[in-house]
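Undergrad: Mind looking over this structure? Questions follow.
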Ligand code: SR1
Ligand code: MG
């Protein structure tokens with residue numbers, strides 16, 4: 001029986017993914033299709049289906065009822081596929097150049113069928129291979145300004161904002177972030193993973209009460225602020241990049257949260273290259289600067305031209321907003337730096353550093369920078385001060 005008629009969830013295989021594409025008439029009935037499961041993330045199946053003859057291809061992404069990175073012992077809601085598809089559609093309307101097109105979704109099968117982006121590379125993979133993507137930072141700055149403004153009270157007005165707020169309640173995926181970014185790395189949790197050589201540095205983090213206090217303040221912001229619809233997992237593995245194109249994928253962690261969380265994840269994931277890639281350090285520092293400068297300029301433009309809260313549309317309040325976003329971004333970047341170094345789900349930028357001593361030294365620096373950013377985020381009042389602090393520690 002056709003998968004579409006069955007109305008029960010089942011994980012797709014290469015064969016059933018092709019059947020689904022044919023049932024949906026995405027390809028001609030007589031098309032010869034090839035299909036490969038290419039998912040290399042932590043959570044989902046991803047099928048790449050190609051009609052060589054017509055030169056047409058699609059991606060079918062399917063959520064699994066558990067976290068693939070851990071196994072069936074970590075059950076996970078299938079509702080995340082619906083959240084992801086709905087977030088993709090909203091972000092596509094807001095920032096069409098930077099988001100893939102969704103062709104079809106099915107809540108029961110937890111499936112999203114979308115544009116094939118395989119002519120691009122996952123940004124993290126490209127960076128590690130030596131690419132630098134000249135437009136990456138400008139594009140992400142624009143993406144952040146548009147998505148964080150247009151989904152906020154200032155861009156949406158009070159009614160739609162509250163509808164979205166309800167629609168994007170995402171407790172299970174938020175809990176993953178609450179645990180993996182804000183809790184586990186700062187205590188001796190089973191999910192943590194780090195080399196023996198890092199133990200003294202890690203144990204120092206676990207004893208650092210000032211750090212724990214600041215992380216709890218940031219976690220409270222993550223738990224309770226509803227400034228904008230966030231991507232929620234905006235690391236460089238969630239971005240496809242090329243020389244002229246940038247596409248943000250995978251918003252299954254989308255929820256209403258503090259705007260600085262998305263910006264901070266972008267900062268942190270660029271900082272992994274700043275730390276690991278000595279040769280291109282200045283270039284990646286420049287990417288961090290461009291992300292913030294483009295974000296700030298575009299957000300300011302939208303604030304002045306599209307603001308639905310006329311009473312708040314003053315330069316004083318705009319400056320208050322931007323300073324808050326900046327401070328939050330720096331703090332959240334610090335949490336992401338620490339989590340990807342010693343918690344669950346590391347980054348290849350650091351894990352791939354050859355030579356144990358060099359790798360451990362880079363990871364120690366990452367922990368130091370993360371700690372400093374978290375503790376001193378209120379004192380770091382400008383982009384120049386942020387970059388100076390980073391340069392002092394690397
Ligand atoms: C159990 S999920 C681990 C991580 O993978 C996702 O990409 C998120 O970053 C999450 O924290
Ligand atoms: Mg992901």
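The values are calculated or read from the model by the stated rules, or taken from the named source; none is laboratory data. These figures come from a predicted structure and were not determined experimentally. Cβ coordinates were reconstructed from backbone atoms using ideal geometry, including for glycine residues, and neighbour counts include every protein chain displayed.
Undergrad: Which condition breaks for residue 269 when tested against (1) closer than 27 Å to residue 351 by Cα; (2) in a helix (DSSP H, G or I); (3) away from ligand 2 (no atom under 16 Å from the Cβ)?
TA: The one condition residue 269 does not meet is (3).
Undergrad: Can you list the helices (runs of 4 or more DSSP H) found entirely within segment 13-132 that contain at least 2 residues being within 16 Å of ligand 1 (Cβ to nearest atom)? Spell out how you get there, then give the answer.
TA: Numbers: elements: 14-23, 79-94, 123-129.
Per the criteria, 79-94, 123-129.
Undergrad: Have a look at 246, 236 and point out the one that is at pLDDT 95 or above and away from ligand 1 (no atom under 13 Å from the Cβ).
TA: None of the others qualify; the one that does is 246.
Undergrad: Suppose we filter 4, 45 for residues that are under 20 Å from residue 78 (Cβ atoms) and in contact with a helix residue (DSSP H, G or I) (Cβ under 8 Å, 6 or more places away or on another chain); which single one remains?
TA: 4
Undergrad: Another one. Could you tell me which residue of segment 341-355 is surrounded by the fewest Cβ atoms within 10 Å (Cβ to Cβ), considering only residues that are assigned to a helix (DSSP H, G or I) and touching a helix residue (DSSP H, G or I) at 6+ places or on another chain (Cβ under 7 Å)?
TA: Among them, the one singled out is 348.
Undergrad: OK, next. Do the conditions hold for residue 329, that is, is it surrounded by fewer than 15 Cβ atoms within 10 Å (Cβ to Cβ) and on the phi < 0 side of the Ramachandran plot?
TA: Spelling it out, it is not the case that residue 329 is surrounded by fewer than 15 Cβ atoms within 10 Å (Cβ to Cβ) and on the phi < 0 side of the Ramachandran plot.
Undergrad: Among the residues of segment 249-266, which ones are outside any helix (DSSP H, G or I) and within 16 Å of ligand 1 (Cβ to nearest atom)?
TA: Residues satisfying the conditions are 249, 250, 254, 255, 257.
Undergrad: Now for a separate question. Could you grab the pairs with beta carbons closer than 9 Å, sequence gap of 6+ or different chains, first residue in segment 334-354 and modelled with pLDDT of 95 or more, second one surrounded by 23 or more Cβ atoms within 10 Å (Cβ to Cβ) and not in a helix (DSSP H, G or I)?
TA: Pairs found: 334/377; 340/347; 341/347.
Undergrad: Would you tally the residues in segment 144-166 being at pLDDT 95 or above, farther than 17 Å from residue 85 by Cβ and part of a loop (DSSP other than H, G, I, E, B)?
TA: So the count comes out to 1.
Undergrad: Of the residues 176, 169, only one is within 18 Å of the chain's Cα centre (by Cα), in contact (Cβ under 8 Å) with a residue 12 or more places away in the chain, under 25 Å from residue 224 (Cα atoms) and in a loop (DSSP other than H, G, I, E, B); which?
TA: From the options 176, 169, the qualifying one is 169.
Undergrad: Quick one: how many residues across segment 235-247 are within 15 Å of ligand 2 (Cβ to nearest atom), in contact (Cβ under 8 Å) with a residue 40 or more places away in the chain and either surrounded by 24 or more Cβ atoms within 10 Å (Cβ to Cβ) or in a helix (DSSP H, G or I) (or both)? Steps first, answer last, please.
TA: Of the residues in segment 235-247, the ones within 15 Å of ligand 2 (Cβ to nearest atom) are 235-240, 247.
Those left that are additionally in contact (Cβ under 8 Å) with a residue 40 or more places away in the chain: 235-237, 239-240, 247.
From what's left, either surrounded by 24 or more Cβ atoms within 10 Å (Cβ to Cβ) or in a helix (DSSP H, G or I) (or both): 236-237, 239.
Residues that pass the stated criteria total 3.
Undergrad: Just the residues that are within 13 Å of ligand 2 (Cβ to nearest atom) and touching a strand residue (DSSP E or B) at 6+ places or on another chain (Cβ under 8 Å), please, taken from segment 46-82.
TA: 46, 61, 63, 64, 67, 68, 76, 80, 81
Undergrad: I've got another one for you. Which of the residues spanning segment 373-394 are surrounded by 14 or more Cβ atoms within 10 Å (Cβ to Cβ) and not in a helix (DSSP H, G or I)?
TA: 377, 380, 394
Undergrad: Now, a different point. Using the structure shown, decide if residue 18 is at pLDDT 95 or above and either farther than 23 Å from residue 121 by Cα or loosely packed, with under 14 Cβ neighbours inside 10 Å (or both).
TA: When the stated conditions are applied, residue 18 passes them.
Undergrad: Take residue 280 and tell me if it is at negative phi, away from ligand 1 (no atom under 16 Å from the Cβ) and in contact with a strand residue (DSSP E or B) (Cβ under 6 Å, 6 or more places away or on another chain).
TA: Here the answer is no, as residue 280 does not meet what is asked.
Undergrad: For residue 262, only one of the following conditions fails: (1) buried (at least 24 other Cβ atoms within 10 Å of the Cβ); (2) away from ligand 2 (no atom under 16 Å from the Cβ). What is its number?
TA: (2)
Undergrad: Oh, and also: Mind checking whether some residue in segment 221-230 is in a loop (DSSP other than H, G, I, E, B) and in contact (Cβ under 8 Å) with a residue 60 or more places away in the chain?
TA: Yes.
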